[in-house]
There are 4 protein chains.
Amino acid sequence: MTSADETRTGVWLVGARGSVATTAVSGCAALAAGLLPPTGMVTETPPFADCGLPALASLVFGGHDTATTPLPKRAEELAAQGVLPPWLPTAVQGELAAADEHIRPGGPVPGDRRATEELIADFATDLRTFARTTGVARTVVVNVASTEPDPAHGAWPASSLYAAAALRAGCPYVNFTPSTGLSHPQLAGAARASGLPYAGRDGKTGQTLLRSVLGPMFAQRALAVRAWSGTNLLGGGDGAALADPAAAAAKNAGKERVLTDTLGTRVEGEVHIDDVPALGDWKTAWDHVAFDGFLGTRMVLQTIWQGCDSALAAPLVLDLARLLARAHERGLSGPLGELGFYFKDPDAEGSALAEQYTRLLTLAGRLGGTR
Amino acid sequence: MTSADETRTGVWLVGARGSVATTAVSGCAALAAGLLPPTGMVTETPPFADCGLPALASLVFGGHDTATTPLPKRAEELAAQGVLPPWLPTAVQGELAAADEHIRPGGPVPGDRRATEELIADFATDLRTFARTTGVARTVVVNVASTEPDPAHGAWPASSLYAAAALRAGCPYVNFTPSTGLSHPQLAGAARASGLPYAGRDGKTGQTLLRSVLGPMFAQRALAVRAWSGTNLLGGGDGAALADPAAAAAKNAGKERVLTDTLGTRVEGEVHIDDVPALGDWKTAWDHVAFDGFLGTRMVLQTIWQGCDSALAAPLVLDLARLLARAHERGLSGPLGELGFYFKDPDAEGSALAEQYTRLLTLAGRLGGTR
Amino acid sequence: MTSADETRTGVWLVGARGSVATTAVSGCAALAAGLLPPTGMVTETPPFADCGLPALASLVFGGHDTATTPLPKRAEELAAQGVLPPWLPTAVQGELAAADEHIRPGGPVPGDRRATEELIADFATDLRTFARTTGVARTVVVNVASTEPDPAHGAWPASSLYAAAALRAGCPYVNFTPSTGLSHPQLAGAARASGLPYAGRDGKTGQTLLRSVLGPMFAQRALAVRAWSGTNLLGGGDGAALADPAAAAAKNAGKERVLTDTLGTRVEGEVHIDDVPALGDWKTAWDHVAFDGFLGTRMVLQTIWQGCDSALAAPLVLDLARLLARAHERGLSGPLGELGFYFKDPDAEGSALAEQYTRLLTLAGRLGGTR
Amino acid sequence: MTSADETRTGVWLVGARGSVATTAVSGCAALAAGLLPPTGMVTETPPFADCGLPALASLVFGGHDTATTPLPKRAEELAAQGVLPPWLPTAVQGELAAADEHIRPGGPVPGDRRATEELIADFATDLRTFARTTGVARTVVVNVASTEPDPAHGAWPASSLYAAAALRAGCPYVNFTPSTGLSHPQLAGAARASGLPYAGRDGKTGQTLLRSVLGPMFAQRALAVRAWSGTNLLGGGDGAALADPAAAAAKNAGKERVLTDTLGTRVEGEVHIDDVPALGDWKTAWDHVAFDGFLGTRMVLQTIWQGCDSALAAPLVLDLARLLARAHERGLSGPLGELGFYFKDPDAEGSALAEQYTRLLTLAGRLGGTR
């Protein structure tokens, strides 16, 4: 057993063998080794240089998953799809294998007979064991599991079990998905009482990111948006999960909030999420904005965003893990509204990206200073 | 002769019978009469309510043009193309005819034998006569003429003659085009000495507007833009003017500046401007942004903007005329960098729209207060 | 009462006050008067010059509708939306009013107590009265009413009542919509026995038109389409009708058939139809085709089609009315498979547009000859 | 020395170490070994089963190039860019090395002192040596070198030197590029007299392929195209070559011909080709078609084609080599107009893809029969 080591930080990924987690672990290792530049990582840009964030090389990964394919194998699969560079899985095989050692079975699985309380206790034990074994100073729990359907009233969705375990084990928590997580009504009191910092929810990686800069543009120019319609095509696990209308509904609520917030009014228009297995981990989002200009002239803006979901999410997951770890170290607690920059459905008012970025820089200032 | 009347403000349009000017005059009349909502006019939004801006109903229009088709006829042509509502030319015929009365011949026309000094003097006389005849408290000169080619070294382009006349007649000046205007080296001293406020240059109406919000998004998210390419299709007078490579070069410099400023580095990629007469006053701008995400993953954003050029420009022209008039009333002088929100190639650092909007609001604060 | 006049042909529109019908009647009058060129009318191209088709000036319009807004008023509404040129409603007001005189109440309306048989008989009487009153040689019935939901098993949808009436009154019949019409199982025998020509179903006006040329291209080049996804945005009556999932299902079946037929296999991908009232009669269709090239290389084709639904449909309606009238005159009977060029879900094998065009030319040859 | 072996066929690639050639050789080996399905190869579809085409496994590759990077290395570079599957270069390393053995230095290189006649003779000797050494029954020469600028009047561009050598060595010839090749005026007599079959020019792989199906669609539907504008973004060697306006001009002539042919009239609109090194071998083509529908209604179709240039071209190169070999075996001579399906600027009238495909099937019939 290692003694607590201020220089190492745990990152516990719920959904640790998914595409986002695999990309995050692979990428962290590649960046720490200087094999690739830190494209897409906001915390590696100059404004964050003096924040006292844990170094990428100091992050130790573990997590929960119900899947059993080991991380090195998952990385090869992602490389075959073009999500990771072909040479990367071999180059970081050691780090992937090491992280895989720290992955514990998730749950509840079908037939699982453990009660809610028991599941939470087991997950919390996993977290404590990880911390003890690895000797990390603290562990940030990040939910990157597939979006789950809106739970039946009163039921405990898996995401909330993990969130409860994080609280119990004293871990800062990030919900990168639209799932319930810490937002479960029965967790509100415990979250407040925990003294832990947390953030969420639903990472803003593509279409909504665009909307959070285009919405303000229309508002600032006094152009009247009449309808904002969108279609998302994606394969991979997320495509299949979101083909479930209930899961899609959770996701779309976040997208809509951005428009309503930034335009100052609810606008017409639907959002579709199609599962297109042929696209693999790649997603295409088409947006069609019908707006009126001066004297009611009809105009249209269309955007097409073609990105790799995991590559968009993974650097933000690393950013958030580092920021939460440092926030915890500095004694910050409660919802970190200044992290709205990262989320579709943030803990704070205001969905315009520029303002969110300003607030993020403010947080960076607060995090800086002597360790 | 009317005595100077603090409640009326002159707007002198260089290119007064062009599409932008016709739309501005028609629209101002329609809005003043409550026939249409002020979509697209930033100065009609709440933050500008207490700035002391001249009322739309108080604006009196005149201008220079070498074209002779009267404004009521030009409005009908624009309505036939769908740029103005079909009923509008009839509804505001009186106001259009009144403005047309104040349009004076522009120049120099081919065969014009007047020397530079004579042209400037004549134009300044036109401005003074307009002020005297109409009794306006002040006149803002706005250049909305077709883009002119980069002038030969030392020569006086027409746009600079008009700008010189504005200075001489004591008029605040706005250059809404990429033409030289007040930026002529021989006008620098006079501009400084004039004590007048001025602003420019090149109104930001479409593709560049988009770039000024998308560029910052890529920068804030640490995504590496590798190439930003664009094609603009437009008919109308501007399409024909910009088919001249020299004129297009002037326009493209502004577009490129926005990217270099917001991304922090020069990026690969060309911008084409095609004259497509079939499109009339409508323009389509396609942008293709190739960028790298985490671990070098290749991603693409494409945007398609379909707008009516005159309808995009006209409300900004009205905004600027009102803001400059008020700035003059408040004694502001020199280049108004806070108006960068409106321009591709502004008088101040920083091309990110969100920051420019913040600075515009700051100006609004300065303009407010007791008259 | 006029005696049967071989030089005049009736066109009976089911949905006679809808956008498509109004555009067809307005346009026919404009073309007959030489006010506009016959853009979009296939039967006005050279290969159809010697087919013996009825002249546009010889068409006499009537129809059924449950709506009561008269045609001249409807035309003005469409002109205000930019669907018709602003000057057109006035120019053809006489013809619109004349057609409106021949519009009879449709049904069944809510509370209608007539039995199926009675409704059919009433509609057939309307048709006979129209023929007698106007003295036309024959009347082609064309269904251009809003798409109706798939009927409950055994029930008679309105479209089939009109189709039955057409048979009973001896009228050639065209179903331009995805509604049931003549495809009702209980009409099969009567259709066969009638000796009348008929055609359908579901006019091919936009996205499916494109698919019928792009599908064959992929097949001929041996490119493997992996997913073909689409989203349609449209307002107007059709947008609202198709917001009903049942109606959309009918429409999408036709779209899918084109792909399966031309690609030789069923492909992945959904089609969405969104009601976007802000778009009025304009529709936008985005298609995303993910395909594999040589060695499995992933490639993508996207298309964006922006058209005016009524302007796309109306000339085809006129084409079909003329072709069916002439086919009837020449004694052709049964389903005219050679008209597959016009339909999403045609009466004949083969969905590739080029082949359908060849077959249409063959029909043109058959229709030619001495009257 | 091997005796002439009716079962082996030579394919001599001018530009043998370029991306297209490398992809063709790699792909042929992969397909012959059953490692991948023959996506994109028209000659592997059922209508060509009984044509007597040489088997893929029987093709023997060689060629000319001024570049010296060996094929196995080039294949690795392409795999790194995602043009070839990552595992392919290793899997077909033997075949690539074998082909590389048959690559001879191209020319003229700067400083080359050989006269035109000497260059032709040397290239012809290379072809004869290849045939003798490998014992192939015949060798088809295919030009896949970078597009060269339009030559000065009277000069011999390199492509024509290679074409002359092909004639002299008795080899069927295909010009897959817009370069001059066999179209040089001084080669016309020799080509006619040679008794050899040949085909060209400029492979139809992307934007023009689309235009050859969309153009006929507009024509058949009597829709009036008012402007057809396009922008191509591409990196790789071809992007750099076409950044030369003279080379681009050659390419664009072919694209324009397709529109003029299929629409029956010349239409407005430019085509841009931008070199965007960041895109590597991938190309994006955006097309904007402004057209009028019924009553002059303005409509727009836009297409975005994202493909890998080499993967689009390579299977067609293999198709053409096989078809020309068989045509030679069957004694066909002169320009094979039936191969217009493959070219932007074919040897025969008619640019509509559907008709070209029909003619290709006719050729397939002629090629069939006993060997």
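The values are calculated or read from the model by the stated rules, or taken from the named source; none is laboratory data. Only a predicted model underlies this, so the values are computations on that prediction, with no experimental measurement involved. Cβ coordinates were reconstructed from backbone atoms using ideal geometry, including for glycine residues, and neighbour counts include every protein chain displayed. Remember, those area values only see protein heavy atoms, side chains included, never the ligands or the DNA or RNA. Shrake-Rupley method; radii C 1.70, N 1.55, O 1.52, S 1.80 Å.
Values for this structure:
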| quantity | calculated |
| --- | --- |
| Using alpha-carbon coordinates, inclination of helix C:19-32 to the longest axis of chain C, degrees | 70 degrees |
| Segments A:24-35, B:128-139, D:165-176 sorted - mean Cβ within 10 Å per residue, highest first | D:165-176, A:24-35, B:128-139 |
| Percentage relative contact order, segment D:259-371, counting C-alpha pairs under 8 Å, at least six apart | 19 percent |
| Label point 7 Å beyond Cα along the C-beta direction, distances from B:Pro37 to other copies (nm, shortest first) | 4.0, 4.5, 5.3 |
| Segment A:42-154: relative contact order as a whole-number percent, Cα under 8 Å and 6+ apart | 25 percent |
| Three-way shape call for segment B:1-159 based on the alpha-carbon gyration tensor, with the a/c threshold at 1.5 | prolate |
| Karplus 3J(HN,Hα) series, Hz, for segment D:135-140 with 6.51 cos²θ - 1.76 cosθ + 1.60 (x for Gly, Pro) | x, 6, 5, 7, 10, 9 |
| Heavy-atom accessible area order for C:Asp122, B:Asp319, largest first, 1.4 Å probe | C:Asp122, B:Asp319 |
| Distance in nm between pseudo-label sites at C:Ala57 and D:Asp50 (7 Å out along the Cβ direction from Cα) | 5.6 nm |
| Other-chain or far-sequence residues with amide H under 5 Å of C:Thr66's (modelled H) | C:Gly106 |
| Amide H partners (placed H, <5 Å) of B:His272, local residues excluded | B:Gly230, B:Thr231, B:Asn232 |
| C-alpha long axis of helix C:116-134 to longest principal axis of chain C, angle in ° | 70 degrees |
| Three-way shape label, segment C:1-83, alpha-carbon gyration tensor, a/c 1.5 | oblate |
| Computed over chain B, Kirkwood Rh from alpha-carbon pairs, angstrom | 21.0 Å |
| Rounded Å value of the spacing that divides the Cα centres of segment B:154-187 and segment A:288-339 | 43 Å |
| Of B:Lys255/C:Lys204; B:Lys204/C:Lys204; D:Lys73/D:Lys204; A:Lys255/C:Lys344; B:Lys255/D:Lys283; A:Lys283/C:Lys255, those spanning more than 30 Å from alpha-carbon to alpha-carbon | B:Lys255/C:Lys204; B:Lys204/C:Lys204; A:Lys255/C:Lys344 |
| Residue-wise HN-Hα coupling along segment C:340-353, computed from phi with Karplus coefficients 6.51, -1.76, 1.60 (Hz; x: Gly, Pro) | x, 3, 8, 10, 6, 10, x, 7, 9, 5, x, 10, 6, 4 |
| Pseudo-label separations to other copies for D:Ala115 - Cα-to-Cβ vector, 7 Å, nm | 6.8, 10.3, 10.3 |
| For A:Ala240, label point 7 Å along C-beta direction: distances to other copies, nm | 4.2, 4.4, 6.1 |
| Principal-axis tilt of helix B:71-80 within chain B, Cα atoms, nearest 10 degrees | 30 degrees |
| Sites D:Arg128 and D:Ala155 - FRET efficiency at Förster radius 25 Å, r taken between beta-carbons, to 0.05 | 0.45 |
| Within 10 Å of each Cβ in C:357-366, the average number of Cβ atoms from other chains | 1 |
| Relative packing of D:357-363, A:142-148, which averages over residues the other C-beta atoms within 10 Å, highest first | A:142-148, D:357-363 |
| Length-normalised contact order of chain B in % [C-alpha pairs under 8 Å, at least 6 apart] | 21 percent |
| Accessible surface buried once C binds A (1.4 Å probe; total of both sides; Å²) | 1900 Å² |
| Accessible area, probe 1.4 Å, largest first, for residues A:Glu101, D:Glu338 | A:Glu101, D:Glu338 |
| Distance (nanometres) between label positions extended 7 Å along Cα→Cβ at A:Glu77 and C:Ala253 | 3.8 nm |
| Rounded, prolate or oblate (a/c below 1.5 giving rounded, otherwise prolate when a/b exceeds b/c) for segment D:207-308 by Cα gyration tensor | prolate |
| Reduction of at least 20 Å² in accessible surface, 1.4 Å probe, comparing all protein chains with the chain by itself, residues of segment A:189-217 | A:Leu209, A:Leu210, A:Val213, A:Leu214, A:Met217 |
| Karplus-derived HN-Hα couplings along segment D:168-179 (A = 6.51, B = -1.76, C = 1.60, θ = phi - 60°), whole Hz, x at Gly and Pro | 4, 8, x, 10, x, 9, 10, 9, 8, 10, x, 5 |
| Accessible carbon and sulfur surface of segment C:207-308 relative to its total accessible area, %, 1.4 Å | 53 percent |
| Nearest beta-carbon to the A/D symmetry axis - residue in chain A, distance in Å | A:Pro86, 2 |
| Sequence-distant residues sharing a close amide H with D:Val140 (under 5 Å, placed H) | D:Gly10, D:Val11, D:Trp12 |
| Inter-site label distance for D:Val109 and A:Thr90 at 7 Å from Cα along Cβ, in nm | 3.2 nm |
| Inter-chain shielding of C:265-273 (mean C-beta neighbours from other protein chains, 10 Å cut-off) | 3 |
| Per-residue average of Cβ from other chains inside 10 Å of A:274-282 | 6 |
| Largest-first ordering by accessible area, 1.4 Å probe, given options D:Asp292, C:Asp244 | C:Asp244, D:Asp292 |
| Per-residue [θ]222 nm for chain C (sum of -39500 (n - 2.57) over DSSP H runs n ≥ 4, rounded to 500) | -13000 deg cm²/dmol |
| Solvent-accessible surface (1.4 angstrom probe) belonging to B:Ser194, in square angstrom, nearest 10 | 40 Å² |
